[in-house]
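> This is the structure I have questions about; it appears just below.
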Amino acid sequence: MVKIGLQFKATLENVTNVRPEGDDFRWFLKLKCANCGEIPEKWQYINLMDSVPLKGGRGSASMVQKCKLCARDNSIDIMRDTITPYNAEDSERFKTMVQFECRGLEPVDFQPQAGFAAEGAESGTKFPEITLLEKDWTDYDEKASESVGIYEVTHQFIKC
C-alpha cells in the first residue's frame, strides 16, 4: 500500500479556503496499473460516497477495479482526514490537498472540474460551485467591492 498526495497550486486573488465541497465531490484522475503500467484513456472519478468492499474482507476503498491488461485487482481510497483547503497564504506554492491510499493503482493525472468552493479573503463571502476545468476562475465580491479569482491551477503527485 502506497500513500500518494495530490498537491494543488494556484494564484489566488482576494480568496481563501479553496476546497472540494461535499462528500460527492468528484476527483477526476487518470490511474496507472502499478503491475503492468496500463493507463486507460478515459478520466475516472472517485468520491467519498463510494465504498466498495475489498476481496478477502480487508476493508473497503473508493474504487476497486480489475486491470484490462493484466487482470489484477487494484484499488484506490480517498483518505478523508487528509483533505485540506488551499488558503491565501498558500498562493503560488504547492500544497497537498488530499492523499490517496493506493493498492496497485497510481494516479498520474488530475483534472479539476466542478464542485470547488472558496471564500472572500477579507469579506468571508461564500463562493460555492466553482469550476476549475479551464484552470482559471473569476468572480466579483460585492461585499468587498473587488474582483476575486483563482488562476494558473496546476498540480503534482508526491509519495507520502
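> For segment 35-68: of the residues being of a type in the set (A, V, I, L, M), at pLDDT 95 or above and assigned to a loop (DSSP other than H, G, I, E, B), which is least open to solvent (accessible area, probe 1.4 Å)?
So, considering only residues that are of a type in the set (A, V, I, L, M), at pLDDT 95 or above and assigned to a loop (DSSP other than H, G, I, E, B), the one least open to solvent (accessible area, probe 1.4 Å) is Leu48.
> Considering segment 86-119 alone, what residues qualify as being open to solvent by less than 40 Å² (accessible area, probe 1.4 Å) and of a type in the set (Phe, Trp, Tyr)?
Matches in segment 86-119: Tyr86, Phe100, Phe110, Phe116.
> Now for a separate question. Kindly indicate whether Leu31 is surrounded by 20 or more Cβ atoms within 10 Å (Cβ to Cβ) and touching a helix residue (DSSP H, G or I) at 6+ places or on another chain (Cβ under 6 Å).
Considered against the rule, which asks whether it is surrounded by 20 or more Cβ atoms within 10 Å (Cβ to Cβ) and touching a helix residue (DSSP H, G or I) at 6+ places or on another chain (Cβ under 6 Å), Leu31 comes out as no.
> Report, ordered by the first and then the second residue, all pairs with beta carbons closer than 6 Å, sequence separation of six or more or different chains, a first member in segment 53-75 that is closer than 15 Å to Leu31 by Cα, and a second member that is among the acidic types (Asp, Glu) and outside any strand (DSSP E or B).
What qualifies is Ser62/Asp50; Cys67/Glu38; Leu69/Glu38.
> Only residues that are aromatic (Phe, Trp, Tyr), closer than 16 Å to Thr11 by Cα and crowded, with 17+ Cβ neighbours inside 10 Å: list them for segment 120-151, please.
Matches in segment 120-151: Trp137 only.
> If you don't mind, another one. Considering Ile76, Ile83, which residue is closer than 20 Å to Met1 by Cβ, at pLDDT 95 or above, open to solvent by less than 10 Å² (accessible area, probe 1.4 Å) and under 17 Å from the mean Cα position of the chain (by Cα)?
Ile76
> Any residue at all in segment 9-22 that is of a type outside the set (Asp, Glu) and open to solvent by 70 Å² or more (accessible area, probe 1.4 Å)?
Quick first cut of segment 9-22, residues of a type outside the set (Asp, Glu) only: 9-12, 14-20, 22.
When the remaining residues are screened for being open to solvent by 70 Å² or more (accessible area, probe 1.4 Å), the result is none.
Taking every residue of segment 9-22 in turn, none turns out to be of a type outside the set (Asp, Glu) and open to solvent by 70 Å² or more (accessible area, probe 1.4 Å).
> Give segment 141-160 a look and list any residue that's of a type in the set (Asp, Glu) and touching a residue at least 40 places away in the same chain (Cβ under 8 Å), or say none.
Those that are of a type in the set (Asp, Glu) and touching a residue at least 40 places away in the same chain (Cβ under 8 Å): Asp141, Glu146, Glu152.
> In addition: Out of segment 102-117, which residues are assigned to a strand (DSSP E or B) and within 13 Å of the chain's Cα centre (by Cα)?
Hits for segment 102-117 are Pro107, Val108, Asp109, Phe110, Gln111, Phe116, Ala117.
> Between a first residue in segment 118-140 that is part of a strand (DSSP E or B) and a second residue that is open to solvent by 40 Å² or more (accessible area, probe 1.4 Å) and of a type in the set (Val, Ile, Thr), which pairs have beta carbons less than 7 Å apart while being 6 or more apart in sequence or on different chains?
Trp137/Thr131
> Quick check on Ile76: is it in contact with a Cys (Cβ under 9 Å, 6 or more places away or on another chain), assigned to a loop (DSSP other than H, G, I, E, B) and either β-branched (Val, Ile, Thr) or within 26 Å of Ile130 (Cβ to Cβ) (or both)?
No; evaluated as a whole, the condition is false for this residue.
The values are calculated or read from the model by the stated rules, or taken from the named source; none is laboratory data. What you see is a predicted model; the values in this text were computed from it and never measured. Every residue, glycine among them, receives a Cβ derived from its backbone with ideal geometry; neighbour counts consider all protein chains shown. What goes into the accessible areas is simple: the full protein's heavy atoms, side chains included, and nothing from ligands, DNA or RNA. Shrake-Rupley method; radii C 1.70, N 1.55, O 1.52, S 1.80 Å.
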